[in-house]
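Here's the structure we're looking at; comments come further down.
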Amino acid sequence: MPAQDARVTLDLALTIRHDGHGGVADDLTDPAGLTTWVRAHPGLLPGAAAYSADEPALTAVRDLRAAVRALFARSVPGAPSPADAARLLPVEQAVARLNAAAARTPTVPVLHWAEDTAPGLRHLPAHGEDDLTAVLARAAAAFLAGPDRGRLRACHAPRCVRYFLKEHPRQEWCKPSCGNRARVARHHERRQRPSGR
């Protein structure tokens, strides 16, 4: 099971997906789309259920998503998602964008040490509220620097533009339907080849 940082970062990247008609759909085209996405992730922010996005928040999250997908493309073995291949940010720019987004909310370390437990350290917002983009950027940075990144793959099934975490050694696609599409496409391609007779 992927860590929370991996899950939310992957979910952010997957807001760009196949539209079912041969194209690419973007779930974050307007503030309403971002509002829906945040509300579907209740643990992301305190008060996520009542979150309402505006244009500046949408722009910041979309800019962060472009950086995350560029860094995903660098992380996967082989080719990146076809949705990204032609328009990737340079790695240095993607890293700078991610770090700038993570710094949008200053944090302070807070020590917790209850009786009969080991001390623990959490980083809380210095001014009481976390910025959505900062939360997402910190999750992305933790994922990209963590062990789950080694399992990150781009799905290369026909028409798929998703990234996924490889769960077992033989997994090649993000979901079974993509595997079925890839097998059908290979079968069709073999049947279209002229025979050697």
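The values are calculated or read from the model by the stated rules, or taken from the named source; none is laboratory data. Everything numeric in this text was worked out from a predicted model, so none of it was measured. Counting neighbours? That spans all protein chains shown, and the Cβs are built from the backbone with ideal geometry, glycine included. Quick note on the areas: whole protein, heavy atoms, side chains included, nothing else; ligands and nucleic acids left out. Shrake-Rupley method; radii C 1.70, N 1.55, O 1.52, S 1.80 Å.
Among the listed residues 61, 91, 68, 108, which satisfies the condition of being touching a helix residue (DSSP H, G or I) at 6+ places or on another chain (Cβ under 6 Å) and farther than 29 Å from residue 172 by Cβ?
One residue alone meets the criteria, 61.
What number of residues within region 158-181 are over 21 Å from residue 68 (Cα atoms), in a loop (DSSP other than H, G, I, E, B) and open to solvent by less than 40 Å² (accessible area, probe 1.4 Å)?
Within region 158-181, residues that are over 21 Å from residue 68 (Cα atoms), in a loop (DSSP other than H, G, I, E, B) and open to solvent by less than 40 Å² (accessible area, probe 1.4 Å) number 1.
Restricting to region 14-34, count the residues that are in a helix (DSSP H, G or I) and open to solvent by 20 Å² or more (accessible area, probe 1.4 Å).
2
Quickly run through region 53-88 and pick out the residues that are of a type in the set (Val, Ile, Thr) and either under 14 Å from residue 153 (Cα atoms) or under 15 Å from the mean Cα position of the chain (by Cα) (or both).
Correct list: 61, 68, 76.
I'm trying to understand the selection: among the residues of region 113-131, which are assigned to a strand (DSSP E or B) and surrounded by 10 or more Cβ atoms within 10 Å (Cβ to Cβ)?
Across region 113-131, the qualifying residues are 120, 122, 123, 124, 125.
Taking the residues in region 38-49 that are at pLDDT 95 or above and over 14 Å from residue 139 (Cβ atoms) as candidates, determine which candidate is most open to solvent (accessible area, probe 1.4 Å).
39
If residue 11 passes every condition in (1) touching a residue at least 12 places away in the same chain (Cβ under 8 Å); (2) part of a loop (DSSP other than H, G, I, E, B); (3) surrounded by fewer than 19 Cβ atoms within 10 Å (Cβ to Cβ) but one, which one does it miss?
Tallying (1) touching a residue at least 12 places away in the same chain (Cβ under 8 Å); (2) part of a loop (DSSP other than H, G, I, E, B); (3) surrounded by fewer than 19 Cβ atoms within 10 Å (Cβ to Cβ), residue 11 fails exactly one: (2).
With farther than 23 Å from residue 9 by Cα, of a type outside the set (Gly, Ala, Ser) and modelled with pLDDT of 85 or more as the only criterion, which of 115, 167, 189, 172 stands out?
Only one candidate passes the filter, namely 115.
Is it true that some residue in region 101-110 is modelled with pLDDT of 95 or more and aliphatic (A, V, I, L, M)?
The answer is yes; a qualifying residue exists.
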